[in-house]
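K.L.:
One structure is given below, represented as structure tokens, and several questions about it will come after.
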Amino acid sequence: MKRIILLVWVLIISFLSQAQLQQSLNFYADKCQSLKIGTAVGSNFYTAYDNGDIYNRTIINNFNILVAENEMKFDAMEPQKGNFNYNNSDKLVAYAQKYNMQLRGHNLCWHSQLPSWITAGLTNGIANGTFTRTSLQAILKNHINTIVTRYKGKVQQWDAVNEPFNDGTGTLRNSIWQQVIGNDYIDSTFVWAHRADPDAKLYLNEYSGEMYGDTKSEAMFNYVKSMKDRGIPITGVGFQCHFMVNTINFTKLDQNIKRYAVAGLEVIITELDIRIKNTDYNSNPAKWLAYQASDYQNMINICLNNSNAKTFVTWGFTDKYSWIPNFTNNAYGYSLIFDNSYTIKPAYTSILNVLATESARLSAVNPVKETAEVRLFFTNGLAFIKTDNAMTRCQLFDMKGNCLIVSEVKNNKIEIPLNNVQSGMYILKVQLENGQTITRKFIR
Ligand code: 9MR
């Protein structure tokens, strides 16, 4: 008898952990006023490109916006003057389109990760006369125009200027752009990007500008507000949010986001990770993961509660590939929402629960009205899905938001195997080529 009880327990636990692995953040985010929930993808993405492995499955099941961790930076995109390398960026764009995701472009103008033909213009950090204001302006303009034009309509958000402020003082960083062109390189970057794709959203992306009242944050707000007041086409700011667990001042963060809203500017979360000191983690993992879960929960709540903060992107998703351990000489880590083996962490569940609750509240308030039709046909344990528009894929969810099946289009139709699907109520989410998503209740 004892053995049977034990066996039943093992089965229940393994079923529950399977179910958890299948849960889906984007399922709920799509229902939360089109909240964009995303991740940076690292070099692993390009080697494991669309091969259906767990790295890919985790992305497809959870996110609706992606950003390249390194592969769309200046050195990667224009390694030699005028010679552009689109290998990785084109792959990312194709992937995002296939899976109906948006893209952030990171970034157009930064002091770091520049190719050697540009850094040749500095000696010990000081401009050495290799470039004139006019020649460097032409280089930057051509870089921006070429890339933004290529991805017009395909990259919805660009980090136009990245990290232009100094730490501490909040004065402008003396990058090669600032030294050779002058402070107006910032305005020009936004103007040139806007001309190349007037529909793309353009952000100034920074770290340590998150908290109201901090010197750098004040300087950044004043600078960006003055850009907006001068008519520069800036959508808002990216708060990178490379945070340490249990130290985030959510009141100041919220206060800061709200003053940008008053100024007509968005604030989006662009590189969130919440690191834990390894010695703390090792002393009591459950305690520190719970603190971290609470921090992630507060972060997603801040986005839901501020109408100018509708993008939430983490800097990677699995601790396996986070930049933090390497950057901190292995003093810190554990900063993301999946662990090294892609198992969800309490932080993941805390975000999921917030999104599930909010989407249930919203769908009670505003039942979704869709004009497009989905027709279902059944034969031999298969459901065939047809719509009037071309489809890309279909997901079947249970009512708790667990994604049970993902089917891609084959020969213009989608088949869903129902043999292992128990009777009950489900949600079908069909993605159309035109970007529309149709959801339908489905009773088996
Ligand atoms: O995560 C990126 C890491 O792989 C690179 O080595 C590093 C080089 O500067 O850049 C990291 O990404 C940075 C991002 O582009 C801008 N904000 C800070 C990020 C972490 O350093």
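The values are calculated or read from the model by the stated rules, or taken from the named source; none is laboratory data. Keep in mind that what you see is a predicted model, and the values were worked out from it rather than measured. Every residue, glycine as well, gets a Cβ built from its backbone with ideal geometry; the counts of neighbours run over all protein chains shown. Just so you know, the surface numbers come from the protein's heavy atoms only, side chains and all, with ligands and any DNA or RNA stripped out. Shrake-Rupley method; radii C 1.70, N 1.55, O 1.52, S 1.80 Å.
K.L.:
What residues have an amide H closer than 5 Å to that of Ser208, excluding those fewer than 5 places away on the same chain, when H is modeled at 1.01 Å from N in the peptide plane?
P.N.:
So Ser208 has HN proximity to Gln240, Cys241, His242.
K.L.:
Ignoring ligands, DNA and RNA, what percent of the 1.4 Å accessible area of the chain is carbon and sulfur?
P.N.:
Result for the chain: 51 percent of the exposed heavy-atom area is carbon or sulfur.
K.L.:
A follow-up question, please. 222 nm [θ] for the chain, helices only, -39500 (n - 2.57) per DSSP H run of 4+, per residue, to 500?
P.N.:
Computed mean residue ellipticity for the chain: -12000 deg cm²/dmol.
K.L.:
Also, I was wondering about something else. Give the residue list of trypsin sites (Lys or Arg not before Pro) in segment 43-96 that are DSSP loop and have at most 14 other beta-carbon atoms within 10 angstrom.
P.N.:
Details: sites: Arg57, Lys73, Lys81, Lys91; in loops: Lys73, Lys81.
Sparse-neighbourhood loop trypsin sites (Lys or Arg not before Pro): Lys81.
K.L.:
Further, regarding this structure: Rounded to the nearest whole Å³, what is the per residue volume of the convex hull around the Cα atoms of the chain?
P.N.:
169
K.L.:
Leaving out same-chain residues fewer than 8 places away, which lysines sit with a Cα under 28 Å from that of Lys228?
P.N.:
Here the lysines satisfying the reach criterion relative to Lys228 are Lys36, Lys73, Lys141, Lys152, Lys154, Lys201, Lys216, Lys252, Lys258, Lys310.
K.L.:
Would you work out if segment 143-219 is rounded, prolate or oblate? Take a ≥ b ≥ c from the square roots of the eigenvalues of the alpha-carbon gyration tensor; rounded if a/c is under 1.5, else prolate when a/b is larger than b/c, oblate otherwise.
P.N.:
It is oblate, given that a/c is not under 1.5 and a/b is not larger than b/c.
K.L.:
Something else about it: Over the chain, what relative contact order in percent results from Cα pairs under 8 Å that are six or more residues apart?
P.N.:
Normalised by residue count, the contact order of the chain is 13 percent.
K.L.:
Further question: Percent antiparallel among DSSP beta bridges with both residues in segment 285-433, to the nearest 5?
P.N.:
95
K.L.:
Same structure, new question: Under a 1.4 Å probe, what is the accessible area of the chain per residue, stated in Å²?
P.N.:
Accessible area per residue, the chain: 45 Å².
K.L.:
If you don't mind, there's one more thing I want to ask. Say the dipole of the chain comes from +1 at the beta carbon of Lys and Arg and -1 at that of Asp and Glu; which of Leu92, Ser208, Gln240 then lies farthest toward its positive end?
P.N.:
Working it through, the farthest residue towards the positive pole turns out to be Leu92.
K.L.:
Here's another thing I want to ask about it. Among the aspartates and glutamates, which have Cα under 13 Å from the Cα of Lys98 when same-chain residues fewer than 8 positions away are ignored?
P.N.:
Straight-line reach from Lys98, under 13 Å: Asp50, Asp90, Glu408, Glu433.
K.L.:
Now a separate question. What does DSSP give for the chain in terms of the percent of beta bridges that are antiparallel, rounded to the nearest 5?
P.N.:
Here the share of antiparallel DSSP bridges comes out near 55 percent.
K.L.:
On to the next question. Can you tell me the dipole magnitude for the chain around its Cα centre, using point charges on the Cβ only (Lys, Arg +1; Asp, Glu -1), in Debye to the nearest 20?
P.N.:
Charge dipole, the chain, about its Cα centre: 1000 debye, nearest 20.
K.L.:
Given H placed 1.01 Å from N in the peptide plane, which residues other than close sequence neighbours of Asn107 have an amide H under 5 Å from its amide H?
P.N.:
Lys73, Phe74
K.L.:
Which ³J(HN,Hα) values, rounded to whole Hz and listed in residue order, are derived for segment 94-109 from phi using the Karplus coefficients 6.51, -1.76 and 1.60 in 6.51 cos²θ - 1.76 cosθ + 1.60 with θ = phi - 60°, glycine and proline given as x?
P.N.:
3J(HN,Hα) across segment 94-109, in whole Hz: 4, 5, 4, 5, 4, 9, 6, 10, 8, 10, 9, x, 10, 8, 8, 9.
K.L.:
Suppose we flag GluC sites (Glu not before Pro) only when DSSP calls them loop and at most 14 other Cβ atoms lie within 10 Å. Which is the longest uninterrupted stretch of the chain? Don't skip to the end; give the middle numbers.
P.N.:
Values: sites that count: Glu370, Glu373, Glu433.
The longest such stretch corresponds to 1-369.
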